[in-house]
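Pasting in a structure now, in structure tokens, and then I'll have a few things to ask.
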């Protein structure tokens, strides 16, 4: 077959979206294209976006790039059926998060602006295929829920502390009483290593710029969290082993697999009378390990 008749190479559009949960707030979005040879083409640096702006950016990229598949990793609950309290997945992950001085926001439909019938997350999901099943993705557009804090634990980006579990980096500049510029630099460095390994030079330059800021703002952190969401998407498309906590009935979270985190979550299942094999599963995209 001559070059002119060869089919175009298949590509996958990968999106990291750190949403702000509510209609009025804005988070950040970043996207790259992965070619079928495993290399990447960068699109734009992380940009501030609400749900409408994020949907517009994704639609624009889908139109211009015409990818064979689109994978969105969203930092917001995408399955919420409970009317009050926590989702079961939040009850599970709250344990390892709190052991490292973090907290998990509960998602329920009483939080109307976030999860009520007219919340913007549902319209966003409708535009891109709905909440995907990580163990059996079927559509060419897939949205998965992730959680940067849990990804940080899974990746081993915790810092030394008197607790054997270590502590989460304090890199949210909006929390001025606890924010640490050293922790900010640390998260940037960890992310830079992952980005450099994939030769995403423009994104690496953006991280280098925000790392040097002595007074980063909340939008800078939103951009970093969008990059962490994107990193989870990279793990998925590279078919690296990932972790699915929860289920598609009551809600789940996907992060890279970390042996220590998985064991903690399995122990938490036992303490709460849950079957770990049903609530904490390792998988590679399209290849499940029971």
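Against the definition (surrounded by 17 or more Cβ atoms within 10 Å (Cβ to Cβ), closer than 23 Å to residue 47 by Cα and within 21 Å of the chain's Cα centre (by Cα)), how does residue 168 come out, yes or no? Lay out the reasoning, then the answer.
Details: surrounded by 17 or more Cβ atoms within 10 Å (Cβ to Cβ): yes; closer than 23 Å to residue 47 by Cα: no; within 21 Å of the chain's Cα centre (by Cα): yes.
So residue 168 fails the test.
Would you check if there is a residue in the range 32-50 being part of a helix (DSSP H, G or I), at pLDDT 95 or above and more than 18 Å from residue 232 (Cβ to Cβ)?
no
If you don't mind, another one. Please specify each residue of the range 224-281 satisfying the condition of being at positive phi and touching a helix residue (DSSP H, G or I) at 6+ places or on another chain (Cβ under 9 Å).
So the first thing to find is which residues in the range 224-281 are at positive phi, and the list is 239, 246, 251, 273.
Passing the criteria: 246, 251.
Further question on the same structure: Restricting to the range 57-103, give me the number of residues that are part of a loop (DSSP other than H, G, I, E, B) and either under 24 Å from residue 46 (Cβ atoms) or touching a strand residue (DSSP E or B) at 6+ places or on another chain (Cβ under 7 Å) (or both).
Just the residues of the range 57-103 that are part of a loop (DSSP other than H, G, I, E, B), to begin with: 66-68, 75-87, 100-103.
Filter once more, keeping what is either under 24 Å from residue 46 (Cβ atoms) or touching a strand residue (DSSP E or B) at 6+ places or on another chain (Cβ under 7 Å) (or both): 66-68, 75-80, 87, 100-102.
Going through the range 57-103 one residue at a time, the tally reaches 13.
Next question, about the same structure. Test each condition in (1) crowded, with 16+ Cβ neighbours inside 10 Å; (2) over 30 Å from residue 37 (Cβ atoms); (3) at pLDDT below 95 for residue 105 and report the one that comes out false.
(1)
Which one of these is surrounded by fewer than 21 Cβ atoms within 10 Å (Cβ to Cβ), out of contact with any helix residue (DSSP H, G or I) (no Cβ under 6 Å at 6 or more places or on another chain) and more than 30 Å from residue 196 (Cβ to Cβ): 35, 60, 24? Give the derivation first.
Values: 35 fails: more than 30 Å from residue 196 (Cβ to Cβ); 60 fails: more than 30 Å from residue 196 (Cβ to Cβ).
The unique qualifying residue is 24.
The values are calculated or read from the model by the stated rules, or taken from the named source; none is laboratory data. Please read these numbers as outputs of a predicted model, since none were measured by experiment. Please note: Cβ atoms are built from the backbone with ideal geometry, for glycine as well, and neighbour counts cover all protein chains shown.
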